[in-house]
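Working notes for the structure below.
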Amino acid sequence: MATHEEIRDSLRAFQEGYNKNKKLKIMNRDWNRVVLIEANDVESKHTLILKDGELTVCEGATDNPDIIVTADSETLADLFYGDITPTEPYMNGTLIIKGSEDDIVRLDFISLMIWGE
Amino acid sequence: MNDLVKLKKILTLRTIIATSAGLTLSSSTFVAAVQVAGFLVGDAAWLAILTGGLLCMTAALCFSELNGMIPSAAGIRLYFNHAFNDRLALTVSLLYMAVIMGVIGAESYILAEILHEAFPLISPLAWILVMFTVVTGMNIVGIRIAGWFQDAITYGLMVTLISLAVIGLAKIDFQLSAPLATGGAVNLLNAVAVGVFLFVGFEWVTPLAEEVTHSRLISRGMLLAIGILSVVYAVFTVAMTATVPRESLVNSPIPQMLFAQTILGDTGTAIMVMLTLAASITTFNAGLIGISRFVYASAREHVLPSIFSKISLRFFTPWVAVLSIFVIGVLISLLTLFSHRYLVLVNMAAAMESVIYVLAGLAVIVLRKKMPDAQRPYRIRGGYIIPAASALIFSLLALAIFTTFPRVFLYLGLGMLLSYWYVTRVVPRLKQLQRQKRASGRRRRRPVAHAEKQGD
């Protein structure tokens, strides 16, 4: 089981990877979305805000997200550190994502571009 | 998950019904409708269609329970994985996608024939290439058909079909003379088996589970879509067979055009061209999106070669997956165009769909035993009766198709063996290659000491 701090650190690693990728920022400049990341085994909620191509990470939940990502803490930390791809936990049901299909696929594209296969 | 948090964008029941019915309504469904009538001697096509719809409702109930339990866009892949095992889930999913590609091939062929009928100077081949290029281009650039447009097309299409049927029946002052004359139980069974094809794709709405507030909306939407479609198909098929000689309809890939032409002349042709074009493009587009996403996700999971996970840096779309489907789709369409064997594809889809529904019924039973305490927002009433009946009925229907069309059994059997071989021989190698590549090419990013301390 990962801790809230580990999840936060993984999200910061994800944010760092995102910010290093200028192409990714340009590609996402019209994709303004709010993503809620929540663990289902520990008390941990974070919000990713994508606005004008910039990604910020905030502690805590938000009222009306566009996408909700739910998994156990270990999966979330591994996922945002890029140690696992989202597809495998998604396909075995460990990772649950709510939102429009296009947004979910876009989030996976971003992860692929930051961490590779 | 926190139930208090609500998504910004959610889908309504209206759009769910339109999506479920819209994916089902296509050019090839009219061919299947005429096939249904062809099995029966009297005006009993309505009976077979309504029975087919009713049977599909039992499958829809099974999908509702599964979808409520596991609300995911991964759909059958995940349901069958939980109920049986990943190997079976993957084998069936790969084959299912291949059959859906075949349906797209049949669909494009039929649509090309319709357009060729309306514009004889342009060959069907040119139409096939134009349609595939347009839809592929839309998918690569990332243009999506808006929800309201899908709603307008689906509801407009259903209203127009009913109107045309009423006009046709009124013109000949139709009287139901032999509403129950089926020509025997075997004929009725075959008609119902093919009739199931009319509803193929209703369950493709389950991936929208991630975009609704409550999974009950999906089950309601599916059931209502099947109910409405049953009535539309039943009335339209009876009108077609009552106004146009049955032999002409059965031997034509475009029976709906013959019907429209017979009752309204050139105006009817123009209306039907527009209707079919709208219906086909949405079905075609949805099929292409669904398959390209499946191919992309499979490549991300290392089930297919990683080249299929390449994305366009300009449009954020899986362009290799989309282009590959374009090539395969055009090849299937060309094969259909030259062989004219579109009915094999239609019957294969009906049989495959029956197999999927059998597995869905069994999955409900297995999961109730395997995961008795799992949350089920929707649970089919009456214990095991409906899932067991659904599994049994669709087994019989699949058997009926296999015995009537042995080629279908042969092709699907070969497809199943090929898919199983791929899953058991090729997929483990692809996964192993990926593991080696990972081990040599990258280090673990998550701080190792901390992760190990946590027992990772």
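Each label point was placed 7 Å from the Cα along the Cα-to-Cβ direction; for A:N32 and A:K20 their separation is 2.9 nm. Annotation for segment A:13-79: trypsin sites (Lys or Arg not before Pro) lying in DSSP loop with at most 16 further Cβ atoms inside 10 Å of their Cβ are A:R29. For segment B:191-230, backbone nitrogen atoms closer than 16 Å to the point 7 Å from B:L396 Cα along Cα-to-C-beta are found at B:191-196.
The region of chain B that goes longest without hitting one of the chymotrypsin sites (Phe, Trp or Tyr not before Pro) in a DSSP loop, each with at most 16 other Cβ atoms within 10 Å, is B:1-173. Roughly what angle does helix B:216-243 make with the longest principal axis of chain B, taking Cα atoms, 0 to 90 degrees, to the nearest 10? Taking the Cα atoms of chain B, the angle to B:216-243 is about 30 degrees. Would you work out the relative contact order for segment B:253-347, in percent, from Cα pairs under 8 angstrom that are 6 or more residues apart? That works out to 15 percent. Compute the acute angle (0 to 90°) between the alpha-carbon long axis of helix B:13-24 and the principal axis of greatest extent of the alpha-carbon atoms of chain B; round to the nearest 10°. Long axis of B:13-24 versus the principal axis of chain B: about 70 degrees. Would you mind checking the tilt of helix B:86-118 against the longest principal axis of the Cα atoms of chain B, expressed as 0 to 90 degrees and rounded to 10? Approximately 40 degrees, to the nearest 10. Of the trypsin sites (Lys or Arg not before Pro) found in segment B:298-388, the ones in coil according to DSSP and having at most 11 other Cβ atoms within 10 Å of their Cβ are B:R381.
Helices assigned as whole DSSP H runs in chain A whose Cα atoms extend at least 18 Å along their own long axis and whose mean Kyte-Doolittle hydropathy is 1.0 or higher are not found.
Cross-link pairs exceeding 23 Å between alpha carbons, from the set A:K45/B:K431; A:K23/A:K51; A:K22/B:K310; A:K20/A:K45; A:K98/B:K437: A:K45/B:K431; A:K20/A:K45; A:K98/B:K437. Maximal additional length on extending the B:F149-B:A388 stretch stands at 82.2 nm, based on 0.36 nm per residue less the C-alpha distance. When both segment B:206-279 and segment B:75-145 are represented by their alpha-carbon centers, they are found 18 Å apart.
Just the Cα atoms of chain B, one point each, no solvent: what log10 I(q)/I(0) does Debye give at q = 0.08, 0.10, 0.12 Å⁻¹? Summing over Cα pairs of chain B leads to -0.47, -0.73, -1.06. Compared with the alpha-carbon gap, the fully stretched path from B:D373 to B:V130 is longer by 82.3 nm at 0.36 nm per residue.
Values in this text are rule-based calculations from the coordinates and carry no lab data. Please read these numbers as outputs of a predicted model, since none were measured by experiment. All Cβ positions, even for glycine, are placed from backbone atoms using ideal geometry, and neighbour counts span all protein chains on display.
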